[in-house]
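Engineer: Here it is, the structure, as structure tokens.
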Amino acid sequence: MRGFAFFNRVSRAFHDYPSVPKVLVVVAVSGCGLVAYAEANPERKLASSAPVLTSAEVDNKKKKVVVLGTGWAGTSFLRNLKNPDYEVHVISPRNYFAFTPLLPSVTCGTVEARSIVEPIRNIARKKTVDVQFSEAACLKIDAVNQKIYCRSNVENNLNGQEEFVVDYDYLIVAVGANVNTFNTPGVVENCHFLKEVEDAQKIRRTVIDCFERASLPAVSDEERKRILHFAIVGGGPTGVEFAAALHDFVNEDLVKLYPGVKDLVKITLLEAGDHILNMFDKRITAFAEEKFQRDGINVKTGSMVVKVTEKEIFTKELKNGGEVSTIPYGMALWSTGVGTRPFIRDFMSQVGQANRRVLATDEWLRVEGCDKVYAIGDCATINQRKVMVSSSAGLFEEQQMKNMVDLLKETPDVSKGSAELNIEDFKTALSKACLSTSFLISLSNGIFQVAAQQGVYLAKCFNRMEDCEKNPEGPLRFRGEGRHRFRPFRYKHLGQFAPLGGEQTAAQLPGDWVSIGHSSQWLWYSVYTSKQVSWRNRALVVTDWVRRFIWGRDSSRI
């Protein structure tokens with residue numbers, strides 16, 4: 001018992017003070033233990049001669065950084081901030097970070113919800129920076145007085161103290177975005193969304209509910225067809241991945257449990273544009289559409305949803321002169337883009353950006369018009385003076401501009417000083433040339449890379465704030481106050497995936513490299529495992545995948 005207590009004390013010391021290197025030497029002599037313990041922290045040696053500061057004096061020297069949000073942007077900033085001169089206060093309505101790219105897998109039981117979340121306090125506990133967390137939602141930002149007004153998510157036993165005010169020296173807005181319904185009637189009341197872990201769990205329960213209801217003996221065949229019709233609005237990465245995951249779930253697991261209704265299941269993907277996965281290479285788009293057709297997933301392009309009721313979806317067929325048709329459904333998922341949160345719209349009106357869709361920042365991620373406020377992630381966009389891309393995308397941009405020039409040279413009247421170009425050819429060339437400009441905007445819609453890189457960049461800036469005041473890194477021609485201290489943010493595109501079901505994934509990687517098939521699926525597994533924020537999550541995700549390979553997906557309604 002005495003030895004067990006000793007090891008408990010040692011373990012507690014290592015867990016409580018992970019930043020202090022320790023040396024523990026145990027010398028066994030004739031069955032007895034001689035223990036020598038020393039701390040290898042050189043700063044402690046001068047503690048007796050250094051002046052002792054009270055905690056209040058130390059805190060007064062620290063700048064207070066408030067981080068709104070625990071998504072990709074906010075969590076990346078928190079994980080990479082190492083400067084102990086800051087006091088960090090994280091405020092978010094959820095007390096965890098969620099690995100959102102695997103949400104479609106959660107909807108069908110391929111991965112469990114607990115495997116893709118990491119408590120934010122676990123991340124904060126391992127930091128040498130002073131971090132405080134409050135589970136609350138931001139109601140208003142007062143940039144003039146440097147205050148934010150919040151409301152606690154915990155409503156019980158607070159004695160009317162749900163609302164509180166927090167001061168800040170620096171504010172980092174990383175709250176993400178809402179689902180954009182385009183004010184379509186009935187969407188909020190009748191459709192599912194896929195932005196949070198709770199959304200994925202709700203979808204999973206609804207899918208099982210549909211099969212259970214369709215299996216009841218009193219239900220007519222026509223009603224069974226309606227109940228087992230799953231409609232997905234939006235042909236982007238989230239909609240396509242959910243359609244593929246749902247198809248695999250139905251055909252690999254549910255048909256074995258519900259043999260009486262397996263032939264009535266129908267999956268429809270509605271897209272207002274001409275193709276699904278418009279932000280991907282055309283080879284991937286064509287392969288995805290052909291594969292979905294083979295799998296029996298009904299892809300309807302040129303279909304704009306104009307109204308949703310409890311049992312029907314009304315669509316305007318853009319290819320047929322705007323004819324309106326109805327689609328009966330049992331469950332509908334809405335995945336068509338992102339919108340602005342209400343308090344962000346209020347803040348935008350304060351800083352003169354009321355006519356914008358998201359917060360505009362400069363190239364250093366500061367909100368235009370606010371020196372002490374930064375915005376990262378889906379709630380912001382960078383206002384660039386000219387086309388600027390990362391070094392890895394520079395060659396890509398140059399090639400697309402050459403394509404535009406070559407296209408103009410091929411026109412018959414170019415030698416006369418003028419050129420006539422087919423409107424469709426011009427639109428194609430212009431979209432390619434402008435791809436580098438809109439790269440950040442298109443990738444920020446549901447794809448985590450931009451937000452994560454912005455969080456890392458901003459943390460590095462805060463880590464070097466004092467050094468860069470003395471030795472600025474950025475070009476000196478940017479003379480605005482503080483603007484030239486750091487190099488501007490540059491996004492580096494690392495590629496993107498589109499899982500298409502059947503253990504096949506499409507990958508579009510830098511250098512115009514496109515890979516489609518089973519090999520890309522294994523690359524997807526390895527990348528998404530390595531991107532987890534902790535070894536705990538990596539182990540849980542891999543365990544879920546192995547369990548699915550051996551025993552299949554869980555169809556319990558929990």
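Engineer: Output ³J(HN,Hα) for the range 498-504: one whole-Hz value per residue in order, computed from phi by the Karplus curve 6.51 cos²θ - 1.76 cosθ + 1.60 with θ = phi - 60°, and x for Gly and Pro.
Structural biologist: 9, x, 10, x, x, 6, 10
Engineer: Still on this structure, I have one more. Can you give the charge dipole size of the range 183-337 about its Cα centre, rounded to the nearest 20 debye, using +1 on the beta carbon of Lys and Arg and -1 on the beta carbon of Asp and Glu?
Structural biologist: Numbers: 20 positive and 24 negative charges, 24 e Å.
It works out to roughly 120 debye.
Engineer: Can you pull the Kirkwood radius for the range 112-183, inverse mean 1/r over Cα pairs, to one decimal in Å?
Structural biologist: Numbers: mean 1/r = 0.0660 Å⁻¹.
This gives a value of 15.1 Å.
Engineer: Once amide H atoms are placed 1.01 Å from N in the peptide plane, what residues at a sequence separation of 5 or more from E368, or on another chain, have their amide H within under 5 Å of its amide H?
Structural biologist: Result for E368 returns A360, T361, D362.
Engineer: May I ask you to give the solvent-accessible area per residue for the range 172-251, in square angstrom, as obtained with a 1.4 angstrom probe?
Structural biologist: Working: 3100 Å² over 80 residues.
Spelled out: the 1.4 Å probe surface of the range 172-251, per residue, equals 39 Å².
Engineer: Name the long-range amide H neighbours of N178: under 5 Å, sequence gap of 5 or more, or other chain; modelled H, no Pro or chain starts.
Structural biologist: G339, T340, R341
Engineer: Suppose R0 equals 30 Å. What FRET efficiency, 1/(1 + (r/R0)^6) with r the Cβ-Cβ distance, do D371 and A137 give to the nearest 0.05?
Structural biologist: Step by step, r from the Cβ atoms, then E = 0.75.
Engineer: How high is the relative contact order of the range 495-552, given as a whole-number percent (alpha carbon pairs under 8 Å, six or more residues apart)? List each step's numbers first, then the result.
Structural biologist: On the way: 51 pairs, mean separation 11.9, N = 58.
About 20 percent, as a whole number.
Engineer: How much area per residue is accessible in the range 495-552 when the probe is 1.4 Å and only protein heavy atoms are counted (Å²)?
Structural biologist: 48
Engineer: Moving on to the next point. Estimate the FRET efficiency between N183 and N471 by the formula 1/(1 + (r/R0)^6), using the beta-carbon distance for r and 51 Å for R0, to the nearest 0.05.
Structural biologist: 0.50
Engineer: Given the protein chains as shown and a 1.4 Å probe, how many square angstrom of C461 are accessible, to the nearest 10?
Structural biologist: C461 has an accessible surface of roughly 10 Å² with all protein chains in place.
Engineer: Could I ask something else about it? If you roll a 1.4 Å probe over the range 69-174 with all protein chains in place, what percent of the accessible area is carbon or sulfur?
Structural biologist: 42
Engineer: So how exposed is R357, as accessible area in Å² (1.4 Å probe, rounded to 10)?
Structural biologist: Accessible surface of R357 is approximately 120 Å².
Engineer: Next question. Please report, in debye to the nearest 20, how large the charge dipole of the range 75-234 is about its Cα centre when each Lys and Arg carries +1 at its beta carbon and each Asp and Glu carries -1 there.
Structural biologist: That gives a dipole near 480 debye.
Engineer: Over its Cα atoms, what ratio of radius of gyration to 2.2 N^0.38 Å does the range 183-337 give?
Structural biologist: After normalising by residue count via 2.2 N^0.38 Å, the value is 1.02.
Engineer: What size of dipole, in debye to the nearest 20, comes out for the range 495-552 about its Cα centre when the only charges are +1 on Lys and Arg C-beta atoms and -1 on Asp and Glu C-beta atoms?
Structural biologist: Around 300 debye, computed over the range 495-552.
Engineer: Let's test the formula: R0 of 41 Å, r as the Cβ-Cβ distance of R125 and R557. What FRET efficiency results, to the nearest 0.05? If you can, show how the numbers build up before the last one.
Structural biologist: Numbers: r = 35 Å, r/R0 = 0.85.
It comes out at approximately 0.70.
Engineer: Accessible area of the range 495-552 with a 1.4 Å probe: how many percent of it is carbon plus sulfur?
Structural biologist: 65
Engineer: To continue, here is another question. Using a cut-off of under 18 Å, list every residue of the range 227-252 whose amide N is near the label point 7 Å from the Cα of S325 along the Cα-to-beta-carbon line.
Structural biologist: 229-235
Engineer: Now, a different point. Can you give me the % of accessible surface on the range 183-337 that is carbon or sulfur? Probe 1.4 Å, all protein chains present, nothing else counted.
Structural biologist: On the range 183-337, the fraction of accessible area on carbon and sulfur atoms equals 48 percent.
Engineer: With just the Cα atoms of the range 495-552, tell me how far they stretch along each of the three principal axes, in Å, largest first.
Structural biologist: Largest to smallest, the principal-axis extents are 34, 26, 13 Å.
Engineer: To continue, here is another question. Given a cut-off of under 8 Å on Cα pairs at least six residues apart, what relative contact order in percent is computed for the range 226-354?
Structural biologist: For the range 226-354, the relative contact order is 31 percent.
Engineer: Just how far, in whole angstrom, is the range 501-558 from the range 171-193 if you go by their alpha carbon centroids?
Structural biologist: Value for the Cα centre distance between the two parts: 27 Å.
The values are calculated or read from the model by the stated rules, or taken from the named source; none is laboratory data. What you see is a predicted model; the values in this text were computed from it and never measured. Heads up, the Cβs are rebuilt from the backbone with ideal geometry, glycines too, and the neighbour counts pull from every protein chain shown. These area figures cover heavy atoms from the full protein model, side chains too; ligands, DNA and RNA do not enter into them. Shrake-Rupley method; radii C 1.70, N 1.55, O 1.52, S 1.80 Å.
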